[in-house]
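Here's the structure, in structure tokens; my notes come after.
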Amino acid sequence: MNIFRLIGDMSHLLAIILLLLKMWKTRSCAGISGKSQILFALVFASRYLDLFTSFVSVYNSVMKIFFISTSLLTVYLMYFKFRATYDSNHDTFRVEFLVIPVGGLAFLVNHEFSPLEILWTFSIYLESVAILPQLFMMSKTGEAETITSHYLFALGSYRALYILNWVYRYYFEGFFDLIAVVAGCVQTILYCDFFYLYITKGFGKESGIERKADHLTGINIV
């Protein structure tokens with residue numbers, strides 16, 4: 001554990017809490033991509049199966065349980081409790097174009113050809129692109145609520161901080177995981193346009209993102 005990982009974890013927690021508070025307070029999931037949330041639930045479910053086979057620390061176990069349970073709760077709120085407010089007309093990203101390639105890549109490029117290791121690798125690859133449906137949805141609507149932009153900023157900050165964590169671990173612990181680092185860099189790059197607009201164009205102020213989201217992505221997968 002180091003300061004970059006700790007702050008990164010806290011940023012990740014903040015992102016999830018912001019998202020859940022937004023839905024619960026407004027009784028709505030408008031502007032949120034259900035497909036991205038399903039992908040994140042798949043990420044945590046496949047990554048933390050070792051929760052039942054190994055124990056690292058109380059902190060580690062609590063975080064794993066939190067991420068699995070909150071991701072499933074988010075999916076439940078979107079597709080059941082607040083289903084009437086879910087904007088499926090704009091949430092049209094073809095997620096099979098993400099899941100199938102990263103699944104194949106996890107089989108081909110991994111640290112060890114074992115079920116748990118392949119699933120862990122799959123989760124790392126999938127997390128790097130899981131936000132694409134959300135960014136694509138924002139590019140179609142051209143706007144996002146203030147709280148949604150804060151959620152995305154906190155989520156992107158978590159991954160950027162983990163890059164600093166890996167740099168720290170490389171220099172002070174001699175640890176280097178090429179798969180995690182490359183996937184983490186890809187994920188951070190996907191947030192770069194959003195970070196720039198959030199900071200320079202007043203994302204999260206007043207009415208939030210309006211007519212700026214069309215700059216986030218040029219993806220046209222429908």
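General observations
- When segment 127-175 is limited to residues that are in contact with a strand residue (DSSP E or B) (Cβ under 6 Å, 6 or more places away or on another chain) and not in a helix (DSSP H, G or I), the one that is farthest from A41 (Cα to Cα) turns out to be E143.
Rundown of residues vs (1) surrounded by fewer than 18 Cβ atoms within 10 Å (Cβ to Cβ); (2) basic (K, R); (3) more than 23 Å from D87 (Cα to Cα), yes/no style:
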position: S128; (1), (2), (3): no, no, yes
position: Q134; (1), (2), (3): no, no, no
position: L155; (1), (2), (3): no, no, no
position: F175; (1), (2), (3): yes, no, yes
position: G184; (1), (2), (3): no, no, yes
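- Number of the condition not met by L98 [criteria: (1) free of Cβ contacts under 8 Å to residues at least 24 places away in the same chain; (2) surrounded by 14 or more Cβ atoms within 10 Å (Cβ to Cβ)]: (1)
- Residues of segment 12-29 satisfying the condition of being crowded, with 20+ Cβ neighbours inside 10 Å and closer than 16 Å to Y76 by Cα: I16, L19, K22, M23, C29
Condition check ((1) small (G, A, S); (2) modelled with pLDDT of 95 or more; (3) open to solvent by less than 80 Å² (accessible area, probe 1.4 Å)) across all residues:
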| position | (1), (2), (3) |
| --- | --- |
| G31 | yes, no, yes |
| S36 | yes, yes, yes |
| F44 | no, yes, yes |
| Y59 | no, no, yes |
| L72 | no, yes, no |
| N89 | no, no, no |
| T92 | no, no, yes |
| L105 | no, yes, yes |
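- Considered as a group, the residues in segment 138-153 that are small (G, A, S) and modelled with pLDDT of 75 or more include one that is surrounded by the most Cβ atoms within 10 Å (Cβ to Cβ), and that residue is S149.
The values are calculated or read from the model by the stated rules, or taken from the named source; none is laboratory data. Small disclaimer: the values here were computed from a predicted structure and weren't measured. Because the Cβ atoms are built from the backbone with ideal geometry, glycine has one as well, and the counts that use them run over all protein chains shown. For the accessible areas, the whole protein counts, side chains as well, though only heavy atoms, and no ligand, DNA or RNA atoms are used. Shrake-Rupley method; radii C 1.70, N 1.55, O 1.52, S 1.80 Å.
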